[in-house]
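The values are calculated or read from the model by the stated rules, or taken from the named source; none is laboratory data. Computed from a prediction, not measured in an experiment: that's the story for all the values here. Here the Cβ positions follow ideal geometry from the backbone for every residue, glycine too, while neighbour counts run over all protein chains shown. Accessible surface is based on the protein model in full, side chains and every heavy atom, while ligands, DNA and RNA are left aside. Shrake-Rupley method; radii C 1.70, N 1.55, O 1.52, S 1.80 Å.
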Amino acid sequence: MAAKPTTRARSAPTPDRAGEAKKRRKSAENRRGQPDSRSRGRTVRTYANAVWSGRFAEPVSERVKRYTASVGFDRRLAAHDIHGSLAHARMLRATGILSAADLDAIERGFAAIVREIGSGRFAWSLDAEDVHMNIEQRLTALIGDAGKRLHTARSRNDQVATDVRLWLRDEIDTIAGLLARLQAVLIDSAERHAATIMPGFTHLQVAQPVTFGHHLLAYFEMFERDYQRLAGCRTRVNVLPLGAAALAGTTFPIDRARVARELGFDSVARNSLDAVSDRDFAIEFCAFAALFMVHLSRLCEELILWMNPRLGFVSLSDRFCTGSSIMPQKKNPDVPELARGKSGRVLGHLIGMLVLMKSQPLAYNKDNQEDKEPLFDTVDTLKDTMAIFTELVPDITANPDAMRRAAAEGHATATDLADYLVKKGVPFRDAHEAVAQAVRFAEMKRRDLSELTTAELRRFSGRIGPDVHRVLALEGSVAARRHIGGTAPAQVRAAIRQARRMIRGRS
Ligand code: ARG
């Protein structure tokens, strides 16, 4: 499809401001059947509410029109709306509902509209309410009666559900590629730091030494689950609602399987009421997005913490940081902070969507128009965030000395000493107690457990020999954890090879 959804849709919530102002001035004339004067010196013969105003005695008020219109944001769906309409029209022709000449005209008309939208010449009108009616009215203006026949056996209710699914499917494919690239740079960084030792924390207190590569791969795992969730979501997005019409189906002999095939849908929605009122697919996507942002916010929080000079574990280059307007010395981790903040907004969209659907009676309700802005914003926020972190992760410069110093200060190998005693026959609980006493002693001497001499350590257990210093050393500690999922450099390298195999061919 040549037509691209216009990216201005988000930044210009009211299309055609100039035209709007002019129209407000002329609101007295704004009656049904009156030509609607457009901006850019062109006059398009659109009529206020022309497609449904037949049973109304007066036009809607300007305020109601502005309140109910969605064209300011849903015009972003234009390319997918046209794509869906073309498949619908071809099906109508194939089933004999539409003539060959009409289909011909419709295809020609859409080609012209695609060009108009692509070049920014398309005159979006608030009077036509939403993307669907804007396009249909323009089609009719261009080709006459054939344009009016397009909506046979269809409703905006199944049309909008189809558009959003088509659009979201494309976005999901883009996002899956971005996520895979983010995973790839994490793997690369993990490889550089497969043997870099840092303190692992629990309760934000030094717990046991780990490798930085292992730590980074933890995020790879979170993102891998996100990827799988996204793939699962895609299968439920990729179901065709079209054919459900308003809610009950249609009296025409439509061929839904044909439309599904042409649009690349895996299946056809089985229940017409559900098809027009279901937004689970959008909620599921928002849930995926929320969880991804939760994962990313944890990485952000750690980066911010690690960049604090007290820890100084990592630094980012200047292009990812900003300064302070008052404190000349400042270098702030703005990008991780902002992403942490944006996670709140993506989580909010998920809740917004859930509440939107909660208690909604079947079938379609206008409430559903409110699904678009949170969904659009979720997609935009996610894409921006994934792209920037794919640049930021390779830029993380580790400070292995600072990491090592911190790991060496917290008695991080105390568990290794307890394990050592257990291997010499001491029951684990007794070993735990003996090491706890040794830690108290080390604290008293203001030294790390690993700095005590063999003689000093033997006060707490006679089983301790000179071989103890191998297990108390940071390298010995991490290297010993060499089972699947462990932090040993050799195991991290194996995990890296496996991770690379998992994401192969994804981006
Ligand atoms: N703009 C509407 C939406 O986004 C399209 C469907 C309108 N249907 C209706 N019966 N008013 O949901």
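Observations on the model:
- Length-normalised contact order for the stretch 84-229 - Cα pairs under 8 Å, 6+ apart - percent: 16
- Surrounding net charge for residue 132, when Lys and Arg each add one and Asp and Glu each subtract one, Cβ distance under 12 Å: -3
- Scanning residues 5 or more positions from residue 322 or on other chains, those with amide H under 5 Å from its amide H are 332, 334, with H placed 1.01 Å from N in the peptide plane.
- Over the stretch 260-303, equivalent-ellipsoid semi-axes from the Cα gyration tensor in Å: 34, 13, 5
- Working value for the stretch 156-298: equivalent-ellipsoid semi-axes of 44, 15, 9 Å, each the square root of 5 times a Cα gyration tensor eigenvalue, largest first.
- Each of 68, 123, 267 was scored by the projection of its Cα onto the charge dipole of the chain, and the greatest displacement toward the positive side belongs to 123; charges sit on the C-beta of Lys, Arg, Asp and Glu.
- For the stretch 307-357, accessible area per residue (1.4 Å probe, heavy atoms of protein chains only), Å²: 61
- Rounded to the nearest 20 debye, the dipole size of the chain about its Cα centre is 680 debye, using +1 on the Cβ of Lys and Arg and -1 on the Cβ of Asp and Glu.
- For residue 210, the amide hydrogen comes within under 5 Å of the amide hydrogens of 198, 200, counting only partners 5 or more places away or on other chains and with H modelled in the peptide plane.
- Across the options 99, 140, 89, the greatest Cα extent toward the positive end of the charge dipole of the stretch 57-165 (unit charges at beta carbon of Lys, Arg, Asp, Glu) belongs to 89.
- Summed residue charge, Cβ within 15 Å of residue 496's Cβ, Lys/Arg positive, Asp/Glu negative: +3
- Couplings 3J(HN,Hα) for the stretch 100-111, derived from phi with the Karplus relation 6.51 cos²θ - 1.76 cosθ + 1.60 (θ = phi - 60°), are 4, 5, 5, 4, 4, 5, 5, 5, 5, x, 5, 4 Hz, where x marks Gly and Pro.
- Isotropic mean projected area of the C-alpha convex hull, the stretch 280-401 (nm²): 9.4
- The alpha-carbon atoms of the stretch 452-507, seen along their principal axes, cover 58, 14, 13 angstrom, with the largest extent given first.
- Here the ratio of the Cα radius of gyration of the stretch 375-458 to 2.2 N^0.38 Å is 1.85.
- Integer Hz, Karplus 6.51/-1.76/1.60 couplings in order for the stretch 416-427, x for Gly and Pro: 4, 5, 4, 4, 4, 5, 4, 5, 8, x, 7, x
- Helical content of the chain, expressed as a calculated mean residue ellipticity at 222 nm, amounts to -18500 deg cm²/dmol (DSSP H runs of 4 or more residues, -39,500 (n - 2.57) each, divided by residue number, nearest 500).
- Where the Cα pairs of the chain fall when distances are cut into 10 Å bins, in %: 4, 16, 20, 18, 14, 11, 8, 5, 3, 1, 0
- The alpha-carbon positions of the stretch 108-208 define a convex hull whose volume is 212 Å³ per residue.
- Separation of alpha-carbon centers, the stretch 449-470 and the stretch 169-225, rounded to whole Å: 36
- Note on the chain: dipole from Cβ charges, positive end direction compared against 207, 385, 231; the farthest Cα belongs to 385.
- The three principal axes of the Cα atoms in the stretch 364-507 give end-to-end lengths of 76, 35, 31 Å, sorted in falling order.
- Convex hull per residue volume in Å³, alpha carbons only, for the stretch 81-146: 77
- For the chain, with all protein chains in place and a probe radius of 1.4 Å, 52% of the accessible heavy-atom surface sits on carbon or sulfur.
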